[in-house]
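**Q** I'd like to ask some things about the structure below.
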Amino acid sequence: MTLVKICGLNDAPGFDATVSAGADMIGFVFYPVSPRAVTPAQAAELSSRAAGGPERVGLFVDPDDALLEAVLAALPLDVIQLHGEETPARAAAVRARFGLPVMKALGVAEPADLARLVDYAPAVDRFLLDAKPMPGAALPGGNATAFDWRLVAGAAIPRPWLLAGGLTPDNVAEALLQSGAPGVDVSSGVERARGVKDPDRIARFVAAARG
């Protein structure tokens with residue numbers, strides 16, 4: 001079954017819809033620049049709405065240890081997602097210090113971008129392959145842009161991975177077909193306005209990814 005992650009949850013309707021749809025992972029964004037950002041307290045309150053269920057993933061962009069500690073003090077996470085310019089050494093250090101699986105997001109625009117996976121593989125547990133942001137973009141992800149899914153079809157990706165970037169309920173089935181991805185991650189593609197999740201689109205996305 002295709003693994004599905006809904007990222008950027010910041011309100012009760014979106015959280016509840018994600019749980020009800022049966023998603024595997026819920027992503028909370030701890031990056032203040034993002035329109036989907038939440039505080040540790042907000043994320044903890046949302047997470048408390050459902051015992052168990054989807055894994056809780058914390059998305060961080062070049063975090064220091066103090067931020068990671070503050071979030072983990074408020075909210076038990078199952079996975080730490082690193083979505084900045086973290087090096088393999090930093091990813092390994094985070095995993096060792098906090099004892100949690102690390103998912104590293106890497107931008108993809110051309111075949112050469114996949115060469116970086118080899119360096120990160122020993123340091124992380126999962127990859128998230130996202131569209132590489134345009135130069136000068138304010139956000140490292142969640143920009144509603146896709147890369148050529150055929151770039152990863154049949155590629156030797158050395159860890160479990162998720163496909164991200166420009167996915168919607170209408171194109172996720174084709175994205176899975178072209179890429180061969182074992183899982184998908186969506187944020188802007190299930191929103192009715194920037195930073196505002198649409199429960200109906202969440203349900204449709206999960207159903208389409210698994211259909």
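**Q** Note down the relative contact order for the chain as a percent, whole number, built from C-alpha pairs under 8 angstrom at least six residues apart.
**A** Details: 422 pairs, mean separation 45.3, N = 211.
For the chain, the relative contact order is 21 percent.
**Q** Along the stretch 110-118, what does the Karplus equation 6.51 cos²θ - 1.76 cosθ + 1.60 (θ = phi - 60°) give for ³J(HN,Hα), rounded to whole Hz, x for Gly and Pro?
**A** Values per residue, Gly and Pro as x: 8, x, 4, 5, 6, 5, 5, 4, 4 Hz.
**Q** Select from the chain the helices, each a whole stretch of DSSP H, whose alpha-carbon atoms run 30 Å or more along the helix axis and whose Kyte-Doolittle mean is at least 0.5; answer none if there are none.
**A** TM-like helix candidates: nothing returned.
**Q** Can you tell me the order of 115-127, 39-51 when each peptide is scored by its average per-residue count of other Cβ atoms within 10 angstrom, highest first? Don't skip to the end; give the middle numbers.
**A** On the way: 115-127: 16.8, 39-51: 15.2.
With the highest mean Cβ count within 10 Å placed first, the list reads 115-127, 39-51.
**Q** Tell me the relative contact order for the stretch 17-85 as a rounded percent, counting alpha carbon contacts under 8 Å between residues six or more apart.
**A** 35 percent
**Q** Where the only charges are on Cβ atoms (+1 Lys, Arg; -1 Asp, Glu), what is the dipole of the stretch 139-211 about its Cα centre, to the nearest 20 debye? Each step should come with its number before you reach the end.
**A** Details: 8 positive and 7 negative charges, 27 e Å.
That gives a dipole near 120 debye.
**Q** Also, quick follow-up: Amide H to amide H, which residues 5 or more places from V4 or on other chains are under 5 Å from it, using H placed in the peptide plane?
**A** When sequence neighbours closer than 5 places are left aside, the close amide H contacts are D24, M25, V184.
**Q** If you don't mind, another one. For the chain, what proportion of DSSP beta bridges, expressed in % and rounded to the nearest 5, is antiparallel?
**A** Numbers: 2 of 32 bridges.
Of the beta bridges lying entirely in the chain, close to 5 percent run antiparallel.
**Q** Also, quick follow-up: For W161, enumerate residues with amide H under 5 Å from its amide H, sequence gap 5+ or separate chain, H modeled in the peptide plane.
**A** F127
**Q** Can you pull the percent of the chain's accessible area that's carbon plus sulfur, 1.4 Å probe, other chains left in place?
**A** 55 percent
**Q** What is the packing order of peptides 15-24, 90-99, taking the mean over residues of other C-beta atoms within 10 Å and listing the highest first?
**A** Output ranking for 15-24, 90-99: 15-24, 90-99.
**Q** Going toward the positive end of the dipole of the chain, with +1 on Lys and Arg Cβ and -1 on Asp and Glu Cβ, which of L75, L3, G14 do you reach last?
**A** Checking the options against the dipole of the chain, the answer is L3.
**Q** Then there is this: Which whole-number value in Å² is the accessible area per residue of the chain, probe 1.4 Å?
**A** Heavy-atom accessible area per residue stands at 42 Å².
The values are calculated or read from the model by the stated rules, or taken from the named source; none is laboratory data. It should be emphasised that the depicted structure is a prediction, and the values quoted were computed from it without experimental measurement. We place every Cβ from the backbone using ideal geometry, glycine too, and count neighbours over all the protein chains shown. SASA here: full protein model, heavy atoms, side chains in, ligands and nucleic acids out. Shrake-Rupley method; radii C 1.70, N 1.55, O 1.52, S 1.80 Å.
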